[in-house]
Every structure is written in structure tokens, then in C-alpha cells.
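Presented below is the structure to which this report refers.
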């Protein structure tokens, strides 16, 4: 994930050196900077390779980790025309409260860019 997520586009104090999703339900989802400092993003709710990944996104509208907040990011992967169709749904955005509508717009502008970067890397590795 660190290969396609833009440097400086995370919530840690320093640019990330790695972004880690521990491959199991309950696993952590976090970034690590070059000094080894870790910043939580959330955790794994479901790990079902090769078809599904469900993550708890626990990043507030202020772009900080909030353990009391849980929205869900679900990724599904399905064969399609000799490749893979990747679908992302970020749901329960109403949990962002009064800032939900504005924050949903910000996220809606960001996810397509992140998925395009992922697709570009996946194509390059194929």
C-alpha cells in the first residue's frame, strides 16, 4: 500500500515509509514513518482473500485517529475481462456527525485517485 499511497498524504507527523494492513480479522491498519513511529488508521473487520477486505476507518474529519469512530471501507475483487474489478465502498459516513456531508465530498474526491494509483501499480507489476 505504501507503494501507491502518496507520500505526505497520510495522517502521521512525518511521511510514511510503510502502510500496513495486518492480514487477519482484528489486525491493525496503520502507517509507519522512517523513524519507526506508528500512526493507527483503523483495523481489519474481515479478511477474505481473494475476494473481500473490510476495514474499520477510524480517522476523524480532523484527519486524526479516533478509536471511538468507526466507518467502514469495503474492497471487493472480482474477475473481469482478463483482469480484476476492484470496488470500494466507504460507508456509515453519517458517523462523522455535523461534518459528514462535507467530509463525504472530500473522501469521494480522494478514493478515485487512490484507486487509480493502485491500478497503475498493479498494471505495472502484471
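The values are calculated or read from the model by the stated rules, or taken from the named source; none is laboratory data. None of these values were measured; they are calculated from a predicted model. Backbone-built Cβ (ideal geometry, glycine too); neighbour counts: all protein chains shown.
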Does any residue of segment 25-41 turn out to be farther than 21 Å from residue 118 by Cβ, in contact with a helix residue (DSSP H, G or I) (Cβ under 7 Å, 6 or more places away or on another chain) and touching a residue at least 24 places away in the same chain (Cβ under 8 Å)?
no
Residue 59 passes all but one of the listed conditions (1) surrounded by 15 or more Cβ atoms within 10 Å (Cβ to Cβ); (2) at pLDDT below 95; the exception is number (2)
Exactly one condition in (1) touching a helix residue (DSSP H, G or I) at 6+ places or on another chain (Cβ under 9 Å); (2) within 20 Å of residue 113 (Cα to Cα); (3) exposed (fewer than 11 other Cβ atoms within 10 Å of the Cβ) is false for residue 9; which is it?
(3)
Residue that is surrounded by the fewest Cβ atoms within 10 Å (Cβ to Cβ) [pool: residues in segment 85-121 that are more than 21 Å from residue 61 (Cβ to Cβ) and touching a residue at least 24 places away in the same chain (Cβ under 8 Å)]:
120
